[in-house]
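Peer 1: Next up is a structure, given as structure tokens.
The values are calculated or read from the model by the stated rules, or taken from the named source; none is laboratory data. Here the structure is a predicted model, which is why all the values come from computation and not from measurement. Positions of Cβ are generated from backbone atoms using ideal geometry, with glycine treated the same way; all protein chains shown enter the neighbour counts.
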Ligand code: SF4
Ligand code: SF4
């Protein structure tokens, strides 16, 4: 094992070592079962190409490269503490660029699903929950309602100017829109819920 105060060993950054002996098969299997089957997690060679192309890397405290490594090692606590799960926009750039066929975006989705099932709560999960509830209610999102439910009156006031501009340009309806067939939509939701 590399000394703790050494950042590089034989030219390799310590946290880039694959450490096959540290691979946590149990956690890896959990992520694979959650939908990461095709994600080829074990094939990651820690080249960092995914992080280099990540569109939201500036906002993440853990890069996709490191996140894949943490999944390989089963460092669940570190993953949960990271905001990377919630900052990922699922743009798939990392996946399209990986030279080893690893799918970091799928890994993140799978880990996120496990985290939510295990009851993690933060601003992002609350936002997602409100978003889903509102879409279930109307079949279509009414942005001012989302803003009000998530951030209360202060958020609504803060975004009012932008909202008016968007409405004037026809980019956002000032009133809730209606979908054509709410019954069909509810039936589709119910069917999806059963699956
Ligand atoms: S680009 Fe692929 S192989 Fe390279 S670090 Fe990212 S996931 Fe691993
Ligand atoms: S899918 Fe997520 S991790 Fe991958 S490049 Fe996009 S934002 Fe970054």
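Peer 1: Step by step: first the residues of the range 44-55, then only those that are more than 7 Å from ligand 2 (Cβ to nearest atom) and outside any helix (DSSP H, G or I), then the one that is surrounded by the most Cβ atoms within 10 Å (Cβ to Cβ). Which residue is that?
Peer 2: Ranking the candidates gives 44 first.
Peer 1: Here's a follow-up. Residue 105 versus (1) surrounded by fewer than 15 Cβ atoms within 10 Å (Cβ to Cβ); (2) at pLDDT 90 or above; (3) within 16 Å of ligand 2 (Cβ to nearest atom): which is the lone unmet condition?
Peer 2: (1)
Quick grid of which residues meet (1) closer than 21 Å to residue 128 by Cβ; (2) surrounded by 14 or more Cβ atoms within 10 Å (Cβ to Cβ); (3) near ligand 2 (Cβ under 9 Å from one of its atoms); (4) in contact (Cβ under 8 Å) with a residue 60 or more places away in the chain:
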position	(1), (2), (3), (4)
60	yes, yes, yes, no
67	yes, yes, yes, no
81	yes, no, no, no
91	yes, no, yes, no
101	no, no, no, yes
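Peer 1: Can you confirm whether the range 133-145 contains a residue that is under 30 Å from residue 76 (Cα atoms) and surrounded by fewer than 14 Cβ atoms within 10 Å (Cβ to Cβ)?
Peer 2: The answer is yes; a qualifying residue exists.
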